[in-house]
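Asks: Sharing a structure with you now.
The values are calculated or read from the model by the stated rules, or taken from the named source; none is laboratory data. All figures in this text were calculated on a predicted structure; none of them were measured in a lab. Cβ sites come from the backbone with ideal geometry, for glycine too, and all protein chains shown count toward neighbours. Ligands, DNA and RNA are excluded from the accessible area calculation, which covers all protein heavy atoms including side chains. Shrake-Rupley method; radii C 1.70, N 1.55, O 1.52, S 1.80 Å.
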Amino acid sequence: MEQKELDRYKELLLAKREELSTAWKGRDELAPSAGHLQGDPADQASAASEAAIQVRLHQTDSKLLRAIDDALARIARGNYGTCEVCGEPISAARLTAVPWTRLCLNCKAEQG
Ligand SMILES: [Zn+2]
């Protein structure tokens, strides 16, 4: 892959990482603090399930952040854009849509 293309994917990855860490920070500030819950039990229950949703979002985001960091490491090592399963180059369209992917479309489809 050309350096010019690598730079473009790197920018996409960095932008996505920035977006995730900004969103993450915002959610932390908005997260309800369990210590300050007052009011009727229904309010408390909905605040608790809201907190649970945010925890799940955190887990999804942190997985994605790891995938992004892995992709940036592959760019640094010079093996970015190659499918980990079949070793074929991943299409530019797929990398543009999902720049942190490790698999080509065929292998992804086989894995479900
Ligand atoms: Zn493949």
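Asks: For the chain, what is the accessible area per residue in Å², given a 1.4 Å probe and the full set of protein chains?
Replies: Heavy-atom accessible area per residue stands at 68 Å².
Asks: Let me ask something else about it. In whole percent, and with a 1.4 Å probe on the protein chains, what portion of the accessible area of the chain is carbon and sulfur?
Replies: Carbon plus sulfur share of accessible area: 53 percent.
Asks: Ok, one more. In sequence order, what are the phi-derived ³J(HN,Hα) couplings for segment 57-70 according to the Karplus relation 6.51 cos²θ - 1.76 cosθ + 1.60 with θ = phi - 60°, rounded to whole Hz, with x for glycine and proline?
Replies: Karplus values, whole Hz, x for Gly and Pro: 4, 4, 5, 4, 4, 5, 4, 5, 4, 5, 4, 5, 4, 4.
Asks: Could I ask something else about it? Which residue fluctuates the most in the chain, going by a Gaussian network model with Cα springs under 10 Å, if the choices are 53, 68, 90?
Replies: 53
Asks: Quick one: length gained pulling residue 45 to residue 19 fully straight, 0.36 nm per residue minus the C-alpha distance?
Replies: That works out to 6.4 nm of additional length.
Asks: Along the Cα→Cβ direction, 7 angstrom out, place labels at residue 91 and residue 69. What is the inter-label distance in nm?
Replies: 3.2 nm
Asks: Considering only lysines 8 or more places apart in sequence, or on different chains, count the pairs in the chain whose C-alpha atoms sit under 25 Å apart.
Replies: Value for the chain: 9.
Asks: Using a Förster distance of 25 Å, how high is the FRET efficiency between residue 7 and residue 84, based on the Cβ-Cβ distance and rounded to 0.05?
Replies: So the FRET efficiency works out to roughly 0.70.
Asks: Step through the residues of segment 2-15 one at a time and calculate ³J(HN,Hα) from phi using the Karplus curve (6.51 cos²θ - 1.76 cosθ + 1.60, θ = phi - 60°), rounding each to whole Hz and writing x for Gly and Pro.
Replies: 6, 4, 4, 5, 4, 4, 5, 5, 4, 4, 4, 5, 5, 5
Asks: Under a 5 Å amide H to amide H cut-off, with H placed in plane at 1.01 Å, what residues pair with residue 82 once short-range neighbours are removed?
Replies: Counting only residues 5 or more places away or on other chains, the set is 90.
Asks: Each residue of segment 82-98 in turn: what ³J(HN,Hα) in whole Hz from Karplus with 6.51, -1.76, 1.60 and θ = phi - 60°, glycine and Pro shown as x?
Replies: 10, 5, 6, 8, 9, x, 7, x, 7, 5, 4, 4, 5, 5, 5, 6, 9
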